[in-house]
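Encoded as structure tokens, the structure appears first; notes follow it.
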Amino acid sequence: MKKIFLLAVLASGLSFGQTKKVVSSDVQWWGYKIAKTESSSHYGTVKVKSGEMMMKGNQLVGGTFVLDMNSINATDLSGEYQQKLNGHLKNGDFFEVEKYPVATFKITGVKKNNDKVYNSLVTGNLTVKGKTNTISFPAKITYANGTVSLASNKFSIDRQKFDVSYKSAMQDVLVKDDMDLQVKVTAK
């Protein structure tokens, strides 16, 4: 009887999937002034606080990532200018991290993509500042030796859909609505 129960537990784990915990991550962001060029942009990082990826066999089928918005950091600047921009991004002008300390992304679907490098199209719900919108992006997904890796191509989101806007109307006109992200996560 114990053997039958153990086999049933193992079989259900294979049919419903395995959860892998995120062990490393690298999330890059780019924000642009009205002219979307390298010289009119700022860029930086934000840390993944926690996350997991759901596997069914060797296929990624779901996952959830929590971003620590207090960790948002402009890496294109240093010293006083970096501190000012970081504070500006964290305050009420943009991300309001005191009120919204985390952002989340929940994978709702993964499809095959015909790109040779970015073999999958990942779709999910991104929640920033309490606003949730569906986004999709191309990603290279690999699974080997119990480790799954997801590396996205650079993709754009509309910050206005998440109420991430410069609270001064005149200043917001000078900032592009599109911001770019690039995500790399590994889970075991």
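Just so it is clear, none of the values below were taken in a lab; they were calculated from the coordinates. From a predicted model like this one, the values you see are computed outputs, not experimental measurements. Ideal geometry is used to build each Cβ from the backbone, glycine not excepted, and the neighbour counts take in all protein chains shown.
Which of Lys106/Lys154; Lys112/Lys154; Lys111/Lys161; Lys129/Lys188; Lys99/Lys131 have a Cα-Cα distance over 22 Å? Please list the in-between numbers first.
Details: Lys106/Lys154 18 Å; Lys112/Lys154 18 Å; Lys111/Lys161 24 Å; Lys129/Lys188 29 Å; Lys99/Lys131 13 Å.
Over 22 Å Cα-Cα: Lys111/Lys161; Lys129/Lys188.
Select from Gln59, Gly130, Asn119 the residue farthest towards the positive end of the dipole of segment 17-187; place +1 on Cβ of Lys and Arg, -1 on Cβ of Asp and Glu, and compute about the Cα centre.
The residue sitting most towards the positive pole is Gln59.
Can you give the relative contact order of the chain as a percent, counting alpha carbon pairs under 8 Å and 6+ residues apart? Please report the intermediate quantities before stating the final value.
Details: 418 pairs, mean separation 42.5, N = 188.
Answer for the chain is 23 percent.
By how many degrees, between 0 and 90 and to the nearest 10, does the Cα long axis of helix 2-16 differ from the longest principal axis of the chain?
30
If you bin the C-alpha pair distances of the chain every 10 Å from 0, what whole percents do you get?
9, 33, 31, 17, 7, 3, 1, 0
Which values of log₁₀ I(q)/I(0), to two decimal places, follow from the Debye formula for segment 73-132 at q = 0.18, 0.24, 0.25 Å⁻¹ with a uniform point scatterer at every Cα?
-0.77, -0.90, -0.93
Where the centre of each part is set by its Cα atoms, how far does segment 90-132 sit from segment 56-73, in angstrom?
With segment 90-132 and segment 56-73 each reduced to a Cα centre, they are spaced 9 Å.
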